[in-house]
Amino acid sequence: MELDLGHSADRDGFSFRETFTLPTEEGGEALCAVAVEGTSSRTGSRYYVDAAVTGTLTVDCSRCLGPYEHPVDVAFRLVLQRGAHDAPPESIEDDDFVFLDERAEYAFDLFPRVREAVILDLPIRFLCDDGCRGLCPACGANLNEGDCGCEREEGDPRWGALRKLLNRSDES
């Protein structure tokens, strides 16, 4: 995903397709397939790069452990400065303002920024569906595929005494 900014016109479009892996909390890897489309524009000694990243991340659901494809849809903006170390524009965060050396101007690798944007956009917990029922704590059956027939205690047993009091007050 290298951009050749030094040989580009005042405004150029670019697109890439990339497949890479991301580490998971469980110590495994998740496959991420993305398409990156964007534009780069030059104003004096600055390049403005706007990119949109779309695709899918193949992960396991946190409740039922089944694999599913999580959609990826994120955009980011970078300001690249060549030459003098000017202050970044007010609307740009320091992390999105990059000073270029001469080599990077002709071969700026966009992949680390794409990877970072995808990671920052990920949810804390992956769910295949908001209504995912997960696994039975007794037998491990996937409850999304149907009821397993196991007897389950309702609630935490530490609240048993309170539950008895509530049941007594309901009977009165």
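The values are calculated or read from the model by the stated rules, or taken from the named source; none is laboratory data. It should be emphasised that the depicted structure is a prediction, and the values quoted were computed from it without experimental measurement. Note that each Cβ is placed from the backbone with ideal geometry, even for glycine, and that neighbours are counted across all protein chains shown. Heavy atoms of the whole protein, side chains included, go into the accessibility calculation; ligands, DNA and RNA do not. Shrake-Rupley method; radii C 1.70, N 1.55, O 1.52, S 1.80 Å.
Worth a mention:
- Residues in segment 108-121 that are of a type outside the set (Phe, Trp, Tyr) and open to solvent by less than 50 Å² (accessible area, probe 1.4 Å) were compared, and the one that is modelled with the lowest pLDDT is Leu110.
- Check on Glu105, part of a helix (DSSP H, G or I) and either modelled with pLDDT of 85 or more or touching an Asp or Glu at 6+ places or on another chain (Cβ under 6 Å) (or both): no
- Inter-residue pairs, beta-carbon under 6 Å, first over 11 Å from Val72 (Cβ atoms) and in segment 31-54, second basic (Lys, Arg) and open to solvent by 40 Å² or more (accessible area, probe 1.4 Å), 6+ apart: Ser41/Arg11; Ser45/Arg82; Asp50/Arg77
- Any hit, segment 125-141, residues being modelled with pLDDT of 85 or more, touching a helix residue (DSSP H, G or I) at 6+ places or on another chain (Cβ under 8 Å), surrounded by 10 or more Cβ atoms within 10 Å (Cβ to Cβ) and outside any loop (DSSP other than H, G, I, E, B): yes
- First in segment 138-149 and free of Cβ contacts under 8 Å to residues at least 60 places away in the same chain, second anywhere and of a type in the set (D, E, K, R) and open to solvent by 40 Å² or more (accessible area, probe 1.4 Å), Cβ under 8 Å, 6 or more apart: Ala138/Glu151; Ala138/Arg152
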